[in-house]
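Chemist: Here it is, the structure, as structure tokens.
The values are calculated or read from the model by the stated rules, or taken from the named source; none is laboratory data. Small disclaimer: the values here were computed from a predicted structure and weren't measured. Every residue, glycine as well, gets a Cβ built from its backbone with ideal geometry; the counts of neighbours run over all protein chains shown. Just so you know, the surface numbers come from the protein's heavy atoms only, side chains and all, with ligands and any DNA or RNA stripped out. Shrake-Rupley method; radii C 1.70, N 1.55, O 1.52, S 1.80 Å.
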Amino acid sequence: MKYQIIKIATSLFLLPLCNLGGLYAQEKQILTFSEFLNNVRNANVSYLAEKCNVDIADANVKAAKIFPDPELSVSYVNNQNWNLQMGYGVDAELGWTLELGGKRKARIRLAQSEKEMTGALLEDYFRNLRADATIAYLTALKQKKLYEIQKSSYEQMLGLAHADSLRFRAGFIMEVDARQSKLEAATMLNDVYASEGDLQEIMVQLQLLQGSKNMELPDSIAGELFYSKREYNLPELITAAQNNRADLQAALISKEVSQNNVRLAKANRIIDLGLSIGGGYSSEVRNEIAPAPAFKGITAGISIPLKFSNTNKGELRAAQLAATQNEMQYQAVELQIGSEVAQAYNKYKNACRKVEQFNSGLLSEAETIFKKKVYSYERGETSILELLNARRTYNDVQVNYGETLYDCASALVELERVCGIWDVEIR
């Protein structure tokens, strides 16, 4: 009889309970990883704001194509002393600046190169946004796993507490053991509440990344933490990163922008010609001393500015130094990429080793030990404290395994981020 009661108590301890009311609602809305990334691409507010820079750069290209505006001037002259009858005159002149030295072409090339650089920077922004969003999604999966572990432990502990209350009434265990079970269940419930709150906070962050104004969170997210060991060659990864990284492409285009800026600075030192053409009309002069008939006149002219300002080469010198600086920055980015790839590669290899250690028997060993403790407890050979310690150890191993899987998956995301490649899938 005693063994049967212990057996029943242990069964209640090992089997999860049914629905605990409103605490664990049935899953209804499930957010998938592909849906999440698609929402990030289409609705992330910061990314949409960055995309406006491309439109601004395109507008700047159109603005660079304009020609100087012509100038129209009209003048009227008249003698205030009407008694002298000196007549009046009207003059009109149309002027236009003729740009020399290829200024307009230099402006257009500079604006076009800036537009290309803006596009590369936008691509690099999304590369980082996509990786950050994926890591946030993995964080949510890790917290979801932790919540499930704590929920399962609580349900099992609550079952044990109910069973121990029956065993105490039957006189098979002491009151302190029954109280211990009840206390453990209450403590675990607080842990479940805290874990559920942490999960909801992460879900809010996912909503923010999706640019969602609706803070009604989905019931859950799809997918599991995964282990995907991939064989990479470090030199090939560095080469791939140098070919794929948008920030390196932006640094390369930045060199071109600087060269175009130097060309524009040189073009601005070339003089511009002022062209003008005009006409005038003078009325008849009826003055008795110097009469004159009415007449019309045509004028044309060229104005040549005296570029004394060309003695100051500050603008040209600044453009040349900026070009030299961008060349050095390109080399720095290239070296930085190689360092980032090497670090991410080593981190990913080490994370894979940790996962393989769990898969080689650490997780199964902890489960085996726990089951043996349960077997001993069924026969009264193990105390409740020893069983609870075994339960905690098994939980710790499961949590550590989940964190190790998260670290490995995050390391893979970081490796693909720094290499400028992407084939991460979460199912």
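Chemist: Does GLU288 qualify as being outside any strand (DSSP E or B), of a type in the set (D, E, K, R), at pLDDT below 85 and on the phi < 0 side of the Ramachandran plot? Spell out the reasoning first.
Modeler: Numbers: outside any strand (DSSP E or B): yes; of a type in the set (D, E, K, R): yes; at pLDDT below 85: yes; on the phi < 0 side of the Ramachandran plot: yes.
The answer is yes for GLU288.
Chemist: In region 205-229, which residue that is under 11 Å from TYR137 (Cα atoms) and either buried (at least 16 other Cβ atoms within 10 Å of the Cβ) or of a type in the set (A, V, I, L, M) (or both) is nearest to the chain's Cα centre (by Cα)? Outline the logic, then answer.
Modeler: Narrowing region 205-229 to residues under 11 Å from TYR137 (Cα atoms): 205-207, 209, 221-225.
Checking the rest, the ones that are also either buried (at least 16 other Cβ atoms within 10 Å of the Cβ) or of a type in the set (A, V, I, L, M) (or both) come to 206-207, 209, 221-223, 225.
Numbers: LEU206: 13, GLN207: 14, LEU209: 9, ILE221: 21, ALA222: 22, GLY223: 22, LEU225: 22 Å.
So, considering only residues that are under 11 Å from TYR137 (Cα atoms) and either buried (at least 16 other Cβ atoms within 10 Å of the Cβ) or of a type in the set (A, V, I, L, M) (or both), the one nearest to the chain's Cα centre (by Cα) is LEU209.
Chemist: Determine which member of the set LEU405, LEU387, LEU415 is more than 30 Å from ARG245 (Cα to Cα), of a type in the set (A, V, I, L, M) and in contact with a helix residue (DSSP H, G or I) (Cβ under 7 Å, 6 or more places away or on another chain). Talk me through it step by step, then tell me what you get.
Modeler: Values: LEU405 fails: more than 30 Å from ARG245 (Cα to Cα); LEU415 fails: more than 30 Å from ARG245 (Cα to Cα).
The conditions single out LEU387.
Chemist: Please enumerate the residues belonging to region 253-297 that are surrounded by fewer than 16 Cβ atoms within 10 Å (Cβ to Cβ), closer than 30 Å to GLY101 by Cα and of a type in the set (Val, Ile, Thr).
Modeler: Passing the criteria: ILE270, ILE271, ILE277.
Chemist: When you check PHE172 against the structure, is it in a loop (DSSP other than H, G, I, E, B) and open to solvent by 50 Å² or more (accessible area, probe 1.4 Å), yes or no?
Modeler: On the way: in a loop (DSSP other than H, G, I, E, B): yes; open to solvent by 50 Å² or more (accessible area, probe 1.4 Å): yes.
Against the criterion (in a loop (DSSP other than H, G, I, E, B) and open to solvent by 50 Å² or more (accessible area, probe 1.4 Å)), PHE172 qualifies.
Chemist: OK, next. Does region 118-138 contain any residue that is surrounded by fewer than 19 Cβ atoms within 10 Å (Cβ to Cβ), of a type in the set (Phe, Trp, Tyr) and farther than 30 Å from SER34 by Cβ?
Modeler: For region 118-138, residues surrounded by fewer than 19 Cβ atoms within 10 Å (Cβ to Cβ), of a type in the set (Phe, Trp, Tyr) and farther than 30 Å from SER34 by Cβ: absent.
Chemist: Quick check on this structure: which one of VAL40, VAL74 is modelled with pLDDT of 90 or more, open to solvent by 60 Å² or more (accessible area, probe 1.4 Å) and among the β-branched types (Val, Ile, Thr)? Spell out the reasoning first.
Modeler: Details: VAL40 fails: open to solvent by 60 Å² or more (accessible area, probe 1.4 Å).
Result of the check over VAL40, VAL74: VAL74.
Chemist: Let me ask something additional. Quick test for you: out of ALA92, ALA133, pick the one residue that is part of a helix (DSSP H, G or I) and either among the aliphatic types (A, V, I, L, M) or within 30 Å of GLY301 (Cα to Cα) (or both). Show your work before the answer.
Modeler: Values: ALA92 fails: part of a helix (DSSP H, G or I).
On inspection, the qualifying residue turns out to be ALA133.
Chemist: Quick one: in region 370-424, which of the residues that are free of Cβ contacts under 8 Å to residues at least 12 places away in the same chain, more than 22 Å from LEU158 (Cβ to Cβ) and not in a helix (DSSP H, G or I) is nearest to the chain's Cα centre (by Cα)?
Modeler: ASP423
Chemist: Now for a different question. For ALA344, only one of the following conditions fails: (1) surrounded by 14 or more Cβ atoms within 10 Å (Cβ to Cβ); (2) within 28 Å of GLN150 (Cα to Cα). What is its number?
Modeler: Going through (1) surrounded by 14 or more Cβ atoms within 10 Å (Cβ to Cβ); (2) within 28 Å of GLN150 (Cα to Cα) one by one, ALA344 breaks only (2).
Chemist: I'm told ALA250 meets every condition in (1) of a type in the set (Gly, Ala, Ser); (2) in contact with a Phe, Trp or Tyr (Cβ under 8 Å, 6 or more places away or on another chain); (3) surrounded by 17 or more Cβ atoms within 10 Å (Cβ to Cβ) except one. Can you identify the failing condition by its number?
Modeler: All conditions pass for ALA250, except number (2).
Chemist: Closer than 30 Å to GLN325 by Cβ, within 22 Å of the chain's Cα centre (by Cα) and basic (Lys, Arg): is that true of ARG263 in this structure? Walk me through it before giving the result.
Modeler: On the way: closer than 30 Å to GLN325 by Cβ: yes; within 22 Å of the chain's Cα centre (by Cα): no; basic (Lys, Arg): yes.
No; evaluated as a whole, the condition is false for this residue.
Chemist: Are any residues in region 200-231 touching a residue at least 24 places away in the same chain (Cβ under 8 Å) and among the charged types (D, E, K, R), and if so, which ones? Before you say what the answer is, go through the steps one by one.
Modeler: At the first step, the residues of region 200-231 found to be touching a residue at least 24 places away in the same chain (Cβ under 8 Å) are 202-203, 205-206, 209-212, 218-230.
Within region 200-231, ASP219, GLU224, LYS229, ARG230 meet the criteria.
Chemist: Same structure, new question: Quick check on my filter: what residues within region 291-311 are in contact (Cβ under 8 Å) with a residue 40 or more places away in the chain and assigned to a loop (DSSP other than H, G, I, E, B)?
Modeler: ALA294
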